[in-house]
1. For Ala137, are the conditions met, namely being touching a Ser or Thr at 6+ places or on another chain (Cβ under 9 Å), open to solvent by 20 Å² or more (accessible area, probe 1.4 Å) and among the hydrophobic types (A, V, I, L, M, F, W, C)?
2. For the stretch 2-18, which positions are of a type outside the set (Phe, Trp, Tyr), within 14 Å of Lys86 (Cβ to Cβ) and not in a helix (DSSP H, G or I)?
3. Could you list, in sequence order, all residues of the stretch 1-18 that are of a type in the set (Lys, Arg) and either over 17 Å from Asp121 (Cα atoms) or open to solvent by 80 Å² or more (accessible area, probe 1.4 Å) (or both)?
4. Within the stretch 114-121, identify whether any single residue is crowded, with 18+ Cβ neighbours inside 10 Å, assigned to a strand (DSSP E or B) and of a type outside the set (Phe, Trp, Tyr), and answer yes or no.
5. Name, by its number, the condition in (1) open to solvent by less than 30 Å² (accessible area, probe 1.4 Å); (2) modelled with pLDDT of 95 or more that does not hold for Glu124.
Amino acid sequence: MYHQDLENLIMERHHLNKAEELIILGGFIGHTPVEKISKEKIKIKVIWGCMKNANLNQLSHNKYKEIANNSNNLEIYYKKNYNHSKIYCWIKDKKVIEVIAGSANFSVSGLRNDYQETLFDIKEIDYEQTHDYLLEAIRDSELC
């Protein structure tokens with residue numbers, strides 16, 4: 001169980017597990033962590049699960065577009081149907097190598113408030129089902 005330093009856990013994990021890709025499904029996402037992870041040398045897909053209820057203004061939308069356009073390795077998706085999940089999935093050689101899930105959104109408040117949010121390791125037996133769930137979320141999304 002993780003409940004401290006969640007930002008570093010997510011931002012640095014690919015250095016430890018040698019992943020080539022990271023898929024993030026967050027209920028809500030924030031500009032700061034999205035911009036920060038866009039600078040990493042890993043392919044990243046970030047899905048804003050609660051976009052349907054987010055009331056996103058044009059200024060924020062433009063900021064996400066700017067971040068994505070300034071990165072060669074980042075795609076930001078807006079999910080069409082509401083999804084409040086928080087899942088972080090690392091992939092190497094087209095296989096899931098690690099999954100963490102819990103209550104922490106991919107946002108400053110979700111990742112930087114120790115003891116307010118938690119994340120847990122998902123059992124390896126559930127990796128493929130979780131990956132399929134994330135791929136379905138991408139299919140139900142549109143690029144920002």
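1. In short, no.
2. His3
3. Correct list: Lys18 only.
4. Yes, there is a match, as at least one residue in the stretch 114-121 is crowded, with 18+ Cβ neighbours inside 10 Å, assigned to a strand (DSSP E or B) and of a type outside the set (Phe, Trp, Tyr).
5. (1)
The values are calculated or read from the model by the stated rules, or taken from the named source; none is laboratory data. Quick caveat: nothing in here was measured; it's all calculated off a predicted structure. In this analysis, Cβ positions are derived from the backbone assuming ideal geometry, glycine residues included, and neighbour counts consider all displayed protein chains. Calculation scope for accessible area: heavy atoms of the full protein, side chains included, ligands and nucleic acids excluded. Shrake-Rupley method; radii C 1.70, N 1.55, O 1.52, S 1.80 Å.
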